[in-house]
1. Just need log10 I(q)/I(0) for the range 3-121 at q = 0.10, 0.13, 0.18 Å⁻¹, Debye formula, equal scatterers on the alpha-carbon atoms, no solvent, rounded to two decimals.
2. Along the positive direction of the dipole of the chain (beta-carbon charges: Lys, Arg +1; Asp, Glu -1; about the Cα centre), which of Gly56, Gln3, Val75 reaches farthest?
3. Compute a Gaussian network model of the chain, connecting alpha carbons closer than 10 Å, and tell me which residue from Ser49, Ser99, Ser63 fluctuates the most.
4. Hey, if we sort Arg67, Arg45 by accessible area with the 1.4 Å probe, largest down, what's the order?
5. Place a +1 charge on the Cβ of each Lys and Arg in the chain and a -1 charge on the Cβ of each Asp and Glu, then give the dipole magnitude about the Cα centre in debye, rounded to the nearest 20.
6. So what is the relative contact order of the range 1-94, in percent, for Cα pairs below 8 Å that sit 6 or more residues apart?
7. Students often check this: by mean Cβ neighbours within 10 Å, which of 52-61, 109-118 ranks highest, and how do the rest follow?
8. Express the carbon and sulfur contribution to the solvent-accessible surface of the chain as a percent, rounded to the nearest whole number, probe 1.4 angstrom.
Amino acid sequence: QLQLVESGGGLVQPGGSLRLSCAASGVTFDYYAIGWFRQAPGREREGVSCVSVSGGSSNYADSVKGRFTISRDNVKKTVFLQMNDRKFEDTAVYYCATSRPGSKCRNGEVWGQGTLVTVSS
């Protein structure tokens, strides 16, 4: 079955940048849209960004629009989340997950284990 593994989390200063990766091991990776989600302590899990099956379209939460960029490489079976101008409120565990094509990642299906991103001065 398809498995997702996130990496690239760590500590970054406010205003700094970080790039997350989501690597897939299954052969059906290019059948799904892929979304990034995050959950901060005491908060509900929220959608951050979503990229279509082909990588031709994407969408972002208002809170990250203009700062984050999602992309995918279906040959390498990897999805990336480039995070620029990091803010304190971006601190969270970030997850990637598969979603149905055309769903705009409203719901995750197959989830990765998560990677912690901390924004601190």
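The values are calculated or read from the model by the stated rules, or taken from the named source; none is laboratory data. What you see is a predicted model, and the numbers here were worked out from it, not measured in a lab. We place every Cβ from the backbone using ideal geometry, glycine too, and count neighbours over all the protein chains shown. Heavy atoms of the whole protein, side chains included, go into the accessibility calculation; ligands, DNA and RNA do not. Shrake-Rupley method; radii C 1.70, N 1.55, O 1.52, S 1.80 Å.
1. Listed by q, the Debye log ratios stand at -0.25, -0.43, -0.83.
2. It is Gly56, whose Cα lies furthest towards the positive end.
3. So, out of Ser49, Ser99, Ser63, the one fluctuating most is Ser63.
4. Numbers: Arg67 20, Arg45 125 Å².
So, going from the largest accessible area down, we get Arg45, Arg67.
5. Values: 14 positive and 10 negative charges, 23 e Å.
Roughly 100 debye for the chain.
6. Numbers: 173 pairs, mean separation 30.3, N = 94.
So the answer I get is 32 percent.
7. Working: 52-61: 15.2, 109-118: 17.0.
The peptides rank, most packed first, as 109-118, 52-61.
8. Working: 3070 of 6510 Å².
That fraction is 47 percent.
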